[in-house]
Amino acid sequence: MVDDLYELRALTKLIGQFAAAILMTALGIVFTVFYVPFGEGTTLILDQAQGMVFSALFTVLLINAVNFVDGIDGLAAGLGMIAGSAILLYSLAVLHDQGGAVSAYPPAIICAILVGICAGFLPHNFEPARIFMGDSGAMLIGLLLAAASVSASGKINMSLYGAADLVALVSPIIVVLAAIALPVLDLVWAVVRRTAKGQSPFAADAGHIHHRLLRLGHTHRRTVLVLYMWVSAVAFGAVSFSIVPVKVAMALSATALVLAFLLTLVPLAKGKIGPSGVTSPSKS
């Protein structure tokens, strides 16, 4: 709230993010177990200190990823709702059926709250927006996604799966990474792009994924919907591997990804390029 009123410096925000992340890990939301699917498979057990450090770094990364992608109306709230729904589905459909129902409660409850927040906010924030999110809203979405992701990881019962079920074995990590793939990819690319130009990684620019879609010729609303489609295809596609047969999951995921790709190319098919390019109606 202070940032919304006075525009805090990037370093001040970063310190606040680490304070929130450290508090969260101190309350017990930490990574504890990782399954590495190489060779015969290895389960890595993290001690308390290792879990806290890794969880805090992951949380700060995700907070900034969601904050960076919050560049146009409705995007961060929609992505938070989709990612939260994917992890919620995983918690209910996979963790609960492992026989450890209690382990499914924390990520499910956190995601249910997150989805409810975003669903209630989105109608007012979708273009044309009547309410704007600000850093405080985007960072809260990132924090809740991190809490749900950390809570969902390491809870799967490996003994219930065979060596052939590789995707199912690593599905907690896959689902988490898939649900946050777009914000994290945008964050990493923004840092690389700005650093290469000699700028601060926190300096604002117009090189984000949503800016590129706008320049491609998509309208504001269609840009948001295209990004929703990509995140839904990746996140729910990852969840499907743990719920339905692999062949069905592959078919559904491939179909969703192809559809998202075709929707992305709609302006090119119509011969339209955004303001920074050249507009040339297609004659073919």
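Side notes on the structure shown:
- Restricting LEU177, LEU182, LEU214, LEU227 to those that are under 14 Å from the mean Cα position of the chain (by Cα), more than 22 Å from THR32 (Cα to Cα), assigned to a helix (DSSP H, G or I) and modelled with pLDDT under 85 reduces the list to LEU182.
- Residue in region 85-104 that is acidic (Asp, Glu), in a helix (DSSP H, G or I) and at pLDDT below 80 present: yes
- The set of residues in region 42-80 that are open to solvent by 20 Å² or more (accessible area, probe 1.4 Å), more than 17 Å from GLY134 (Cα to Cα) and within 17 Å of the chain's Cα centre (by Cα) comprises LEU57, PHE58, LEU61.
- Pairs are defined by a Cβ separation below 6 Å, a sequence spacing of at least 6 or placement on different chains, a first member in region 108-121 that is within 17 Å of GLY142 (Cβ to Cβ), and a second member that is hydroxyl-bearing (Ser, Thr, Tyr); the pairs so defined are VAL115/SER85.
- When region 233-248 is filtered for residues that are surrounded by fewer than 19 Cβ atoms within 10 Å (Cβ to Cβ) and part of a helix (DSSP H, G or I), the ones remaining, listed by number, are VAL246, LYS247, VAL248.
- In region 110-156, the qualifying residues are those that are of a type outside the set (A, V, I, L, M, F, W, C) and farther than 26 Å from PHE58 by Cα, and the one that is least open to solvent (accessible area, probe 1.4 Å) is ASN125.
- Within region 185-209, the set of residues being outside any loop (DSSP other than H, G, I, E, B) and either open to solvent by 30 Å² or more (accessible area, probe 1.4 Å) or among the β-branched types (Val, Ile, Thr) (or both) comprises LEU185, VAL188, TRP189, VAL191, VAL192, THR195, ALA196, ILE209.
The values are calculated or read from the model by the stated rules, or taken from the named source; none is laboratory data. The shown structure was predicted, so the numbers you read here are calculated from the model rather than taken from an experiment. Don't worry about glycine lacking a Cβ; one is built from the backbone with ideal geometry, like all the others, and counts go over all protein chains shown. In case anyone asks, the SASA skips ligands and DNA or RNA and just uses the protein heavy atoms, side chains included. Shrake-Rupley method; radii C 1.70, N 1.55, O 1.52, S 1.80 Å.
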